[in-house]
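Accompanying notes for the structure given below.
The values are calculated or read from the model by the stated rules, or taken from the named source; none is laboratory data. The model shown is predicted, which means the values in this text are computed figures rather than measured ones. We place every Cβ from the backbone using ideal geometry, glycine too, and count neighbours over all the protein chains shown. Only protein heavy atoms, including side chains, enter the accessible area calculation; ligands, DNA and RNA are left aside. Shrake-Rupley method; radii C 1.70, N 1.55, O 1.52, S 1.80 Å.
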Amino acid sequence: MPKINVDGKEVDVPADFTLLQACEAAGAEIPRFCYHERLSIAGNCRMCLVELKGSPKPVASCAWGVRDCRPGPQGEAPVVLTKSPMVKKAREGVMEFLLINHPLDCPICDQGGECDLQDQAMAYGHAKFHRFEENKRAVTDKNMGPLVKTIMTRCIHCTRCVRFAAEVAGIDEIGATGRGEDMEITTYLEHAVSSELSANIVDLCPVGALTAKPYAFNVRSWELAKTESVDVMDAVGSAIRVDARGAEVMRVIPRVNEEVNEEWISDKTRHAVDGLKRQRLDTPYVRRDGKLRPASWSEAFAAIAERVKRSQPNRMAALVGDLVSAEPIKALKDLMSMLGVANLDCRQDGSKIGGGPRQGYLFNTTIRGIDDADALLLVGTNPRWEAPIINARIRKAWLKNDLKISRLGPRVDLTYKLNELDSNPAVLVDIAAGKNPIFDALKAAKRPMLIVGQGALARPDGAAILAACAEIARNTGMIGPAGEGGWNGFNVLHTAAARVAALDLGFLPQKGGKDTTAILEGASKGEIDFVYLLGADEIDTAKLGKAFVVYQGTHGDAAAQRADVVLPGAAYTEQNGTYVNTEGRVQAARRATFPPGDAREDWAILRALSDVIGKRLPYDDLAALRAAMLSDAPHFAVTDRAPANPGADAAVWTNIGAKGPIAKTPVVYPIRDFYLTNPVARASITMAECSRLFVQPRVAAAAE
């Protein structure tokens with residue numbers, strides 16, 4: 001590696017480093033506005049100027065490569081100065097130019113306290129008033145949709161938003177018009193930014209030109225209590241920070257996690273949080289005379305206990321929803337087991353998965369592993385809506401690795417080019433047998449991948465499709481040697497944050513038990529007369545028939561309206577919990593606020609109910625419950641680590657799915673509206689507006 005001397009300190013750096021990266025490796029701080037580690041280099045702002053010995057003027061360190069530096073006369077390492085008088089004067093001049101037209105909006109700007117321009121003006125500007133007396137220019141604000149508020153007079157033309165939209169989000173909807181003083185950042189034809197990742201440009205903006213519209217004028221950053229947690233809007237498990245003031249969650253922003261979400265989150269993750277305070281359940285309810293009426297906890301528990309005593313175990317069932325953490329899943333499973341109930345399921349959508357090896361329902365490549373893939377087959381999945389962060393990773397690999405992508409499923413824009421196959425999943429049999437060119441493409445690739453989604457698995461023949469996908473993985477050499485660094489290209493993409501943990505804990509039909517479809521059919525026929533719904537809101541409640549329904553959850557959604565007893569639980573921001581993402585990575589969610597009213601943590605509700613029913617659960621605190629979880633799933637002891645590849649052992653991979661015929665019925669994607677997939681999102685005014693602008697027009701156009 002070449003050597004470089006930074007402020008008298010000599011360091012070895014890779015030849016492809018820029019001077020900015022080399023200086024930071026040496027411990028020097030380099031200010032910047034346009035440069036961002038995950039975006040292409042623009043060299044717009046010139047704030048990162050440094051002095052390079054031999055150069056007649058300061059150079060932009062973000063755009064100057066280490067390999068472009070000339071050594072000294074005796075072969076000495078190139079010398080870079082970051083604190084010299086030349087650099088100080090240059091940075092002061094750049095800052096002076098940047099502030100020529102910037103308005104004095106700091107007292108009313110939502111970026112205040114988190115503004116790069118404020119910080120760097122204090123650190124690198126000079127104390128004198130600037131020397132420009134001309135009128136400041138004014139720029140018309142632009143329409144970027146319901147999530148991004150624009151005050152474009154503040155814009156310093158760093159173009160971070162433009163590069164993010166084009167490179168990461170994959171939408172060419174933001175750009176620059178005009179030149180010089182007439183340059184403006186805008187959306188074309190005043191069109192709202194339609195990407196599911198659009199709100200990340202607010203984090204990227206180094207000034208107050210782009211701010212969060214739902215968050216406008218609500219709170220200052222220093223008023224917020226900050227809690228590190230994980231996202232549950234999908235199964236990716238993005239690292240987030242929940243910022244709350246008092247009892248109210250004000251915003252969610254991303255944390256850096258290179259293994260999972262890098263530093264991006266979806267718009268739903270960020271802005272569905274206003275749904276946490278609307279349509280909330282804050283007191284128990286019991287149905288009397290056909291109407292749900294407020295009740296005390298003891299009255300609600302007594303009503304449940306009385307009905308349990310009158311029911312037979314074979315006529316009882318329990319279903320788990322998509323946002324539930326592992327602790328209450330374990331508690332509900334134990335309670336049902338004590339009652340002798342075998343009709344358990346965590347697959348609201350009817351997905352035919354689970355019960356076999358753990359690798360048969362995980363995203364085994366890992367999310368970071370997508371970066372290394374060179375061939376990909378998508379089966380019945382629309383990752384742009386099911387997991388926008390994973391879709392962005394796929395696009396990244398497509399741009400950098402020339403990833404060859406094929407898709408089996410309906411055509412939708414995934415922001416990258418791909419080879420379209422038929423929507424008929426029966427073609428998987430031909431691929432597995434080597435009778436389709438896709439087999440050859442996967443076989444020839446060094447690191448091939450297959451991603452099967454819930455659109456393919458939540459069908460009557462879902463188990464057969466899963467088995468066919470596993471056979472493709474085996475036959476194409478997609479599964480390499482065992483070990484942490486071994487390649488495994490077989491992946492299942494989940495859409496529910498609770499699903500993998502529930503599968504790990506075995507919340508599935510026990511011996512002789514019914515799955516979700518059979519439970520609903522049984523309830524409609526009168527064969528099931530007691531159903532416990534733990535946050536299960538995505539089922540067809542009309543099929544519950546005359547069964548006695550207990551709903552434990554957070555919102556007055558469809559399931560709560562159908563219930564006979566409603567128990568108010570805590571949302572994911574209101575309790576400590578464990579989640580397992582689609583990779584099988586165990587993650588910790590932490591409480592940021594307390595539940596409203598009489599609502600309680602989910603596991604505590606089940607523990608208290610078990611006393612009344614007479615089947616006391618054997619744990620009195622969260623630590624004891626988590627210890628009990630380890631007996632079902634020992635891997636819960638290790639957090640934030642993706643599981644190692646088990647290798648291509650035939651004994652493992654031949655037990656995935658079930659052999660059987662695959663119908664020629666076209667695949668249908670599971671998510672019809674990205675913005676309204678769970679009770680929290682459906683209670684959100686912001687998500688409703690996004691759905692109205694971005695989804696409903698497409699549905700109307702398709703209907704025509």
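Here the stretch 637-677 is the region considered, the condition is being open to solvent by 60 Å² or more (accessible area, probe 1.4 Å) and of a type in the set (Asp, Glu), and the residue that is modelled with the highest pLDDT is ASP640. Any idea which of (1) open to solvent by less than 70 Å² (accessible area, probe 1.4 Å); (2) part of a loop (DSSP other than H, G, I, E, B) is the one ALA165 doesn't satisfy? The number of the failed condition is (2). Is it the case that some residue within the stretch 107-115 is of a type in the set (Asp, Glu), modelled with pLDDT under 95, closer than 30 Å to ARG67 by Cα and open to solvent by 20 Å² or more (accessible area, probe 1.4 Å)? Within the stretch 107-115 (the criterion being of a type in the set (Asp, Glu), modelled with pLDDT under 95, closer than 30 Å to ARG67 by Cα and open to solvent by 20 Å² or more (accessible area, probe 1.4 Å)), the answer is no, since none of the residues qualifies. Considering only residues in the stretch 70-79 that are touching a residue at least 24 places away in the same chain (Cβ under 8 Å) and surrounded by fewer than 20 Cβ atoms within 10 Å (Cβ to Cβ), the one that is farthest from the chain's Cα centre (by Cα) turns out to be GLU76. Only one of the numbered conditions (1) in contact (Cβ under 8 Å) with a residue 24 or more places away in the chain; (2) assigned to a loop (DSSP other than H, G, I, E, B); (3) farther than 27 Å from ARG163 by Cβ is not met by MET1, and that is (1).
Could you check, for the stretch 574-592, whether at least one of its residues is more than 22 Å from the chain's Cα centre (by Cα) and either of a type outside the set (Lys, Arg) or under 19 Å from ASP282 (Cβ atoms) (or both)? The answer is no; no qualifying residue exists. If only residues of the stretch 657-687 that are in contact with a Phe, Trp or Tyr (Cβ under 9 Å, 6 or more places away or on another chain) and β-branched (Val, Ile, Thr) are counted, the one that is farthest from GLY455 (Cα to Cα) is THR686. Restricted to the stretch 170-195, and to residues there that are open to solvent by less than 10 Å² (accessible area, probe 1.4 Å) and of a type outside the set (Val, Ile, Thr), the residue that is farthest from the chain's Cα centre (by Cα) is GLY175. Does the stretch 295-318 contain any residue that is closer than 30 Å to VAL652 by Cα and either assigned to a helix (DSSP H, G or I) or in contact with a helix residue (DSSP H, G or I) (Cβ under 7 Å, 6 or more places away or on another chain) (or both)? The answer is yes; a qualifying residue exists.
Any residue in the stretch 317-337 that is open to solvent by 50 Å² or more (accessible area, probe 1.4 Å) and either farther than 30 Å from CYS690 by Cα or touching a residue at least 24 places away in the same chain (Cβ under 8 Å) (or both)? Yes, because at least one residue in the stretch 317-337 is open to solvent by 50 Å² or more (accessible area, probe 1.4 Å) and either farther than 30 Å from CYS690 by Cα or touching a residue at least 24 places away in the same chain (Cβ under 8 Å) (or both).
Contact map, the stretch 461-477: residues that are free of Cβ contacts under 8 Å to residues at least 40 places away in the same chain paired with residues that are assigned to a helix (DSSP H, G or I) and not small (Gly, Ala, Ser), Cβ distance under 6 Å, separation 6+ or inter-chain. Pairs shown: THR476/LEU442; THR476/LYS443. Residue count for the stretch 70-87 satisfying the condition of being in a loop (DSSP other than H, G, I, E, B) and under 20 Å from ASP119 (Cα atoms): 2. Residues satisfying the criterion are present in the stretch 120-142 (criterion: basic (Lys, Arg), assigned to a loop (DSSP other than H, G, I, E, B), modelled with pLDDT of 90 or more and open to solvent by less than 40 Å² (accessible area, probe 1.4 Å)). Pick from the stretch 419-457 the residues that are of a type in the set (Gly, Ala, Ser) and over 27 Å from the mean Cα position of the chain (by Cα): which of them is most open to solvent (accessible area, probe 1.4 Å)? The residue in question is ALA444. Of all the listed residues (PRO595, PRO634, PRO618), the sole one being within 30 Å of ALA303 (Cα to Cα) and surrounded by fewer than 20 Cβ atoms within 10 Å (Cβ to Cβ) is PRO618. Of all the residues in the stretch 214-227, those that are part of a strand (DSSP E or B) and polar (S, T, N, Q) number 1.
If you take the residues in the stretch 24-46 that are touching a residue at least 40 places away in the same chain (Cβ under 8 Å) and touching a Cys at 6+ places or on another chain (Cβ under 7 Å), which one is surrounded by the fewest Cβ atoms within 10 Å (Cβ to Cβ)? Ranking the candidates gives ASN44 first. Does LEU544 meet the test of being open to solvent by less than 10 Å² (accessible area, probe 1.4 Å), under 20 Å from SER311 (Cα atoms), out of contact with any His (no Cβ under 6 Å at 6 or more places or on another chain) and not hydroxyl-bearing (Ser, Thr, Tyr)? Spelling it out, LEU544 is indeed open to solvent by less than 10 Å² (accessible area, probe 1.4 Å), under 20 Å from SER311 (Cα atoms), out of contact with any His (no Cβ under 6 Å at 6 or more places or on another chain) and not hydroxyl-bearing (Ser, Thr, Tyr). Which residue out of ARG407, ARG411, ARG393 is open to solvent by 10 Å² or more (accessible area, probe 1.4 Å) and among the basic types (Lys, Arg)? Just one listed residue meets the conditions, ARG411. Among the residues of the stretch 678-704, those identified as in contact (Cβ under 8 Å) with a residue 40 or more places away in the chain and open to solvent by 60 Å² or more (accessible area, probe 1.4 Å) are ARG682, ILE685, GLU689, LEU693.
Here is a check on your reading of the model: is SER351 open to solvent by 10 Å² or more (accessible area, probe 1.4 Å) and more than 20 Å from the chain's Cα centre (by Cα)?
no
If only residues of the stretch 177-230 that are touching an Asp or Glu at 6+ places or on another chain (Cβ under 7 Å) and free of Cβ contacts under 8 Å to residues at least 40 places away in the same chain are counted, the one that is farthest from LYS396 (Cα to Cα) is LEU224. Within the stretch 47-69, if we keep just the residues that are touching a residue at least 40 places away in the same chain (Cβ under 8 Å) and not in a loop (DSSP other than H, G, I, E, B), the residue that is most open to solvent (accessible area, probe 1.4 Å) turns out to be ARG67. Condition check: under 24 Å from ASP504 (Cα atoms), open to solvent by less than 70 Å² (accessible area, probe 1.4 Å) and of a type in the set (Gly, Ala, Ser). Does SER296 satisfy that? No, not satisfied. Scanning the stretch 326-361 for residues that are modelled with pLDDT under 95 and aliphatic (A, V, I, L, M) turns up just one, ILE353. Applying the set (1) among the acidic types (Asp, Glu); (2) under 25 Å from THR665 (Cα atoms); (3) modelled with pLDDT of 95 or more to ASP322 leaves exactly one unmet item: (2).
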